[in-house]
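Presented below is the structure to which this report refers.
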Amino acid sequence: MTKYKVKVGIIGGSGLDNPQNHILDCDTVTKREEAKNDFGLPSGDLHHGSINGVDVVLLSRHGPSHTLSPSAVNYRANIEALRIARCTHILASTACGSLQESIFKGHLVIPDSFIDRTFNRNVTFYDGTSSNYPGVCHMPMEPAFDVDTSKILYEAGKELGYDIKNGGTVMTIEGPRFSSKAESNLMRLWGGDLVNMTICPEVYLAKEAGLLYAAVAMATDYDCWKECEDKVHAADVVVTFKKNVSKITNVLLKAVQVIGEKNWDKEIDTLKELCQTSNVSS
């Protein structure tokens, strides 16, 4: 017997705005109004179902038909809604620009670190908003993404025969605009491998909430640093992601199956203890 029943939250990003259409037939739906929590309304409805016997909750990051810009997403309400739904894990998908020659269009990357360049977002649960998060928490962010869950995503991609990179640094910009050429080159100098608009604060809010978080990123363009390539355009990003969306879907399906076969008691308890010991007010 395990202490915790595994339930995987899946957050679909650009090009996967209605993940329930690609992944599973939902058993039940929790309307976003019903999923309202101390931090407000999540981006969309929560779709409950299962994959290979593993309980799953699906949520569109940008809402149905991509109605929310990256800065308008209520990341705290999304993560809290999945926590309240008793998720133990979060798997996220994200469309990214490549900052490296070796990461080409359609290439999958499992990020292991980030550089946060956002400036207009709520970045912690511990701000006195909710009694569920009292005090002040200084959460360590190395490792930024859950190592074991990330490894499962990577191995799923390899087993499926996809071009997939294990590890990479995501630069998260505020958006909704894309980078200038100078900014794009600066991020390359800083060691960025990918640039997107949504990994932060999602990744560290999930850690504060005690959820094991990992992401699969797809390179859809070369931002604007590469001279011989077309400059990034939103329409092209969506086309490239949708063209390759089956890769993301298949990786998620395989990863959920493997996650469900493992006992996660130790990892969940370790993260919960980290949350407690990082709270300097407790």
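The values are calculated or read from the model by the stated rules, or taken from the named source; none is laboratory data. These numbers were taken from a predicted model, which means no experiment stands behind them. FYI the Cβ positions are ideal-geometry reconstructions off the backbone, even for glycines, and counts take in every protein chain you see. Ligands, DNA and RNA are stripped out before the accessible areas are found, and what is left, the full protein with its side chains, is counted by its heavy atoms. Shrake-Rupley method; radii C 1.70, N 1.55, O 1.52, S 1.80 Å.
Return a yes/no flag: does segment 214-230 have any residue that is acidic (Asp, Glu), within 30 Å of ASP55 (Cα to Cα) and open to solvent by less than 10 Å² (accessible area, probe 1.4 Å). Within segment 214-230, not a single residue is acidic (Asp, Glu), within 30 Å of ASP55 (Cα to Cα) and open to solvent by less than 10 Å² (accessible area, probe 1.4 Å).
Here THR249 fulfils each of the conditions (1) open to solvent by less than 20 Å² (accessible area, probe 1.4 Å); (2) touching a strand residue (DSSP E or B) at 6+ places or on another chain (Cβ under 7 Å) apart from (2).
Taken together, THR149, THR172 contain a single residue that is surrounded by 17 or more Cβ atoms within 10 Å (Cβ to Cβ) and either among the hydrophobic types (A, V, I, L, M, F, W, C) or in contact with a Cys (Cβ under 9 Å, 6 or more places away or on another chain) (or both), which is THR172. Restricting the search to segment 238-282, which residues are more than 17 Å from LYS7 (Cβ to Cβ) and among the hydrophobic types (A, V, I, L, M, F, W, C)? Selection gives VAL238, VAL239, PHE241, VAL245, ILE248, VAL251, LEU274, CYS275, VAL280. Here ILE199 passes the criteria (1) farther than 14 Å from PRO70 by Cβ; (2) surrounded by 15 or more Cβ atoms within 10 Å (Cβ to Cβ) except the one numbered (1). Residue-level analysis places THR118 outside the set of residues that are under 21 Å from ALA219 (Cβ atoms) and at pLDDT below 95. Only residues that are without any contact (Cβ under 8 Å) to a residue 40 or more places away in the chain and of a type outside the set (Ser, Thr, Tyr) were counted across segment 43-73, and they come to 8.
So that you can scan it fast, the table gives a plain yes or no per residue for (1) buried (at least 18 other Cβ atoms within 10 Å of the Cβ); (2) touching a Ser or Thr at 6+ places or on another chain (Cβ under 9 Å):
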residue: ASN244; (1), (2): yes, yes
residue: ILE259; (1), (2): yes, yes
residue: ASP265; (1), (2): no, yes
residue: ILE268; (1), (2): yes, yes
residue: LEU271; (1), (2): yes, no
residue: VAL280; (1), (2): no, no
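Tell me, yes or no, whether segment 61-71 has at least one residue that is modelled with pLDDT under 95, within 20 Å of LYS247 (Cα to Cα) and of a type in the set (Gly, Ala, Ser). For segment 61-71, residues modelled with pLDDT under 95, within 20 Å of LYS247 (Cα to Cα) and of a type in the set (Gly, Ala, Ser): absent.
Looking at the structure I just gave you, is ASP127 farther than 26 Å from THR270 by Cβ and among the acidic types (Asp, Glu)? Walk me through how you get there before you give the answer.
Working: farther than 26 Å from THR270 by Cβ: no; among the acidic types (Asp, Glu): yes.
It is false that ASP127 is farther than 26 Å from THR270 by Cβ and among the acidic types (Asp, Glu).
Within segment 137-195, if we keep just the residues that are under 18 Å from the mean Cα position of the chain (by Cα) and among the polar types (S, T, N, Q), the residue that is farthest from ASP221 (Cα to Cα) turns out to be THR149. In segment 85-115, the residue that is surrounded by the fewest Cβ atoms within 10 Å (Cβ to Cβ) out of those that are hydrophobic (A, V, I, L, M, F, W, C) and modelled with pLDDT under 95 is PHE104.
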